[in-house]
Amino acid sequence: MKKSLNIILCASVLSSLPASAVVLAAGWDTFGSGASTGPSITNLSTTATLSSTSTWGQWNGGGTNSSGASTDGTFGSLSSTVASASTFGAGEGSNSGSNLSLNRSNKPGSLIFSLTNNSGSDQSLEGFYFDAVGRFAQSAKDWSLTFSGAISGTAASGTLTESDMMAATAAQRNWFVDLSGLTDSTWESGGTAIFTLAFSGGATSTGTGGGQETLVDNIGITVVPEPSAALLGALGVLCLLRRRR
């Protein structure tokens, strides 16, 4: 009877562990002079980098106009985590938006996010969030998100709305990719997960200006933390000691 009671008690303790909330592992909401910039926010001892590729022209950050900055204060539709209140960069006053801009986006361009898990325990990926619009009719509006490194799964895709970022509604600018259903959504301790966000499908402008700008802002990658091995081990020891007593 005592043995059964101990087993029930230990099972009750383990099952009563609080459910982990969604945590922003890394987020980008302010940018310097280019796309290769460190994250604005990191949690869970995450090391993160952002690099970029483009076929023609380049990704620019921090010096584009305010039409490209998302001012809703969130990472995509992740309303529980607030992005930086600083939506404008320095140099051009209110006409300088802190966002990423793919100029001449009639040619493809990509953003590559590499995140290394230094937390000491495996993490379950939850979502990839970002704000994005195609500013003109000729802008690259077809996007895809692919996965490599410590994770794998079928690519996600969609089509951006043509809009000024600041004037766009939440439904037009906010994007979310559910990562929990990936073939491998476990971000192992010490592993590096790579996300490639690619834009394509733009057309050559018929006007005298560029007219092909794609705008991206407030990118966030979230996880649901798993209980650490140390915590589970400690609980196991306590249960074992109680059983012996």
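Every read-out reported here was derived from the displayed coordinates using simple, explicitly stated rules and does not represent laboratory data. Only a predicted model underlies this, so the values are computations on that prediction, with no experimental measurement involved. Cβ: placed from backbone, ideal geometry, glycine included. Neighbour counts: every protein chain shown.
Some notes on this structure:
- Proximal charge balance of residue 37 [Cβ under 15 Å; K/R count +1, D/E count -1]: -2
- For GluC sites (Glu not before Pro), no site in the range 136-214 is both called loop by DSSP and has at most 11 other Cβ atoms within 10 Å.
- Close amide H pairs (under 5 Å, H built 1.01 Å from N) link residue 189 with 122, 123, residues at least 5 positions away or on another chain.
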